[in-house]
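Here is the structure we will look at, set down as structure tokens.
Every number here is computed from the coordinates shown, using simple stated rules; none is lab data. All of these numbers come straight from a predicted model, not from anything done at the bench. Cβ atoms come from the backbone with ideal geometry, glycine included; neighbour counts cover every protein chain shown.
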Amino acid sequence: MKQKKTEMLINNKEFYRNLTRLALPIALQSLMLASVAAGDALMLGKVAQDEMTAVSLATQIQFVQNMFLSAATAAGAILGAQYWGKGDRRTLEDVFNIMLWVCGSVSVIFFLACELVPGQLMRIFTHDAPLIAIGSSYLRIAGWSYLLQGYPNVILPR
């Protein structure tokens, strides 16, 4: 009996079509995030060590933001799955809206911090003045991408 269920799952083309449809956007989002970090490293590999180090430290801010966003979307997904199983679509919509609001708020906070106090953010990771200056200028530019980070995390949770 158990083998028959396994065979049904393996031969279920609709299941794999749905799995691909769900997994592909998530994989593409992760690929794009990794590509940005790799692109930064490749571009900065040709410049001085200070720039490479400063950008590496500055990207830790994005890592921290991603931890907040991942926690919010994971909690929302778990809660949403319970309401989905219960058949309560209205509350599921409310959970989704709360996730959008929380992730949007986190993104705005990180954007504002990168734009208004990048030096203080850099001081979390280093006390070297040249690295703080270089990393701060990087954060002022990269902060704009942090502003848009929350929405895709809600739409395509990990």
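Quick notes on this structure:
- Computed from point charges on the beta carbon alone (+1 for Lys and Arg, -1 for Asp and Glu), the dipole magnitude for the chain about its Cα centre is near 860 Debye.
- Against the chain, whose longest principal axis comes from its Cα atoms, helix 13-44 is set at around 10 degrees.
- Descending Cα extents along the principal axes, the stretch 90-158, whole Å: 52, 21, 16
- Cβ-derived FRET efficiency at R0 25 Å, Ala37 paired with Arg123, nearest 0.05: 0.70
- The angle separating the long axis of helix 129-147 from the principal Cα axis of greatest extent in the chain is about 30 degrees.
- Calculated FRET value between Arg21 and Ile141, using beta carbons and R₀ = 35 Å, to 0.05: 0.50
- Relative to the dominant Cα principal axis of the chain, helix 89-116 is inclined by about 10°.
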